[in-house]
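The values are calculated or read from the model by the stated rules, or taken from the named source; none is laboratory data. Keep in mind that what you see is a predicted model, and the values were worked out from it rather than measured. Cβ placement follows ideal geometry from the backbone for every residue including glycine, while neighbour counts extend to all protein chains displayed.
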Amino acid sequence: MTKKVGFVSLGCPKNLLDSEVMLGHLERAGYSLTNAPEEADVLVINTCGFIDRAKQESIDTILEMARYKETGNCRRLVVTGCLAQRYSEKIAKELPEVDAVIGLDQLHMVVEASEGVARRVESLRADGSAAYLYDHLAPRVRTTPAHYAYLKISEGCDYPCTFCIIPKIRGAYRSRTPESILAEAETLAAQNVRELVLIAQDTTRYGDELGMRHGLAGLLRQLAHVDGIEWVRFLYAYPTTVDDAVLQAMADEPALCRYVDIPLQHASNRVLKAMKRPGTGESNKALIQRIRDAVPGVAIRSSFIVGFPGETEDDFELLLDFCADVRLDHLGVFTYSNEEGTDAFVPIETVSDEEKARRRDFLMEQQSDISRQKNEERVGSKLRVLVEGLSDESDLLLQGRAEHQAPGIDGVILINEGEAEAGSFATVEISEAHPYDLVGRVLETELS
């Protein structure tokens, strides 16, 4: 009888890809995936341990899934991911419901953990960080819609950002070979994937430790010519590694989305220095202008942290002014999470949770006006759209994305007139603008 496994993946796309690799190992071992946790013989939770809210969500999910050991078919509860890497012994000690805890280096051991062959807690490296890097030979079961896929080009991080625990969890920066990445891209294209989304802790540093000059630029140009792939975009750029070669590749290659995701974190020079982030408010403004000059029509996304220890009202005003001046296409705001083990950790925070939330909401309200104005400029334009299927809002609408919209984090284009198949490209005329979404009608569809 085929065993059923239920899988819960929390956190970022990088974690989701780890989940897909583990699902690949389980499928290869004869397990079938079920979306009904009460039917699963084994439940696996791939946790996030980046910030407090993510850790709490992970713990709540573990406890929620543990109930199916009493009310469902579950016989084994396996916990993996960043929280497991960071707190493996603590999870095993304080959550007796958990049958196995495996770290980021043991993704391939998910089958043994599910069958009770592995130890309850697998040993980690001495410094607690991971060293594993998957390649194109790893089995993988994709969980994203059929038309796009994430492609991890490197793992780990060497940067000393004082607010971030990731280097201590994910380990040192390490790149996959171009050959491995291209082989996986060709496999994905053969599965009718139309859009590749490149991910890493820092995509723009790709190949640096392998001695590659302009590694990402060369990789992007190769991926742009993989048969069947229509769009390639990369997320998680770093300010000091966005070089002219990458920007020139984006300007030259039609398949490379004119889209840059570059977390800047703040605009106050004092706060940036305390965060150990590169550059200044002025140099980051110049960087944004350099990107716009090099890639006409580019959309830029960034994210910022408010409430960092010692952030004053004047620092926050500098951030507000910066965002008002540069008028980003997309923006995310996070409240500072005081993480033990990071250099920024303080016993007592100087900015209250209420004040953090106020600053976040104020900045997002300002950005909402900017986003609406930018979207209003698109009304009447004709955009090439990757149609994704029925809208999340209503079965009466289709939805899709233009190249300036990354999956899962940006707005969408709602299609209220015309037909197109999911996974196809269509020309859509924009008729209406909202702060984050656009509305339009299909003018014509492309033959696949």
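Descriptive notes on the structure:
- Residue within the range 175-197 that is at pLDDT below 95, crowded, with 17+ Cβ neighbours inside 10 Å and either assigned by TED's automatic domain parsing to the domain that holds G103 or more than 22 Å from A422 (Cα to Cα) (or both) present: no
- The one condition in (1) within 29 Å of G171 (Cα to Cα); (2) touching an Asp or Glu at 6+ places or on another chain (Cβ under 9 Å); (3) modelled with pLDDT of 90 or more that L83 fails to fulfil: (2)
- Meets criteria (aromatic (F, W, Y), within 25 Å of L383 (Cα to Cα) and either in the same structural domain as L188 (by TED's automatic domain parsing) or more than 24 Å from the chain's Cα centre (by Cα) (or both)) for Y259: yes
- Residue within the range 197-215 that is touching a Leu at 6+ places or on another chain (Cβ under 6 Å) and in contact (Cβ under 8 Å) with a residue 60 or more places away in the chain present: yes
- Of the residues in the range 387-395, none is assigned to a strand (DSSP E or B), more than 23 Å from the chain's Cα centre (by Cα) and either at pLDDT 95 or above or not aliphatic (A, V, I, L, M) (or both).
- Whenever a residue of the range 127-153 is assigned by TED's automatic domain parsing to the domain that holds C82 and free of Cβ contacts under 8 Å to residues at least 40 places away in the same chain, it has no partner that is assigned to a loop (DSSP other than H, G, I, E, B) and of a type outside the set (G, A, S) lying with C-beta atoms less than 6 angstrom away and at least six residues away or across chains.
- From R441, R372, residue being touching a residue at least 24 places away in the same chain (Cβ under 8 Å), in the same structural domain as V306 (by TED's automatic domain parsing) and over 21 Å from V295 (Cβ atoms): R372
- Complete set of residues in the range 27-79 that are over 25 Å from the mean Cα position of the chain (by Cα) and without any contact (Cβ under 8 Å) to a residue 12 or more places away in the chain: R67, E70
- Of residues in the range 354-386 being assigned to a loop (DSSP other than H, G, I, E, B) and not hydroxyl-bearing (S, T, Y), the one farthest from I305 (Cα to Cα): G380
- Scanning the range 303-330 for residues that are of a type in the set (G, A, S) and either within 17 Å of D369 (Cβ to Cβ) or surrounded by fewer than 20 Cβ atoms within 10 Å (Cβ to Cβ) (or both) yields S303, G310, A324.
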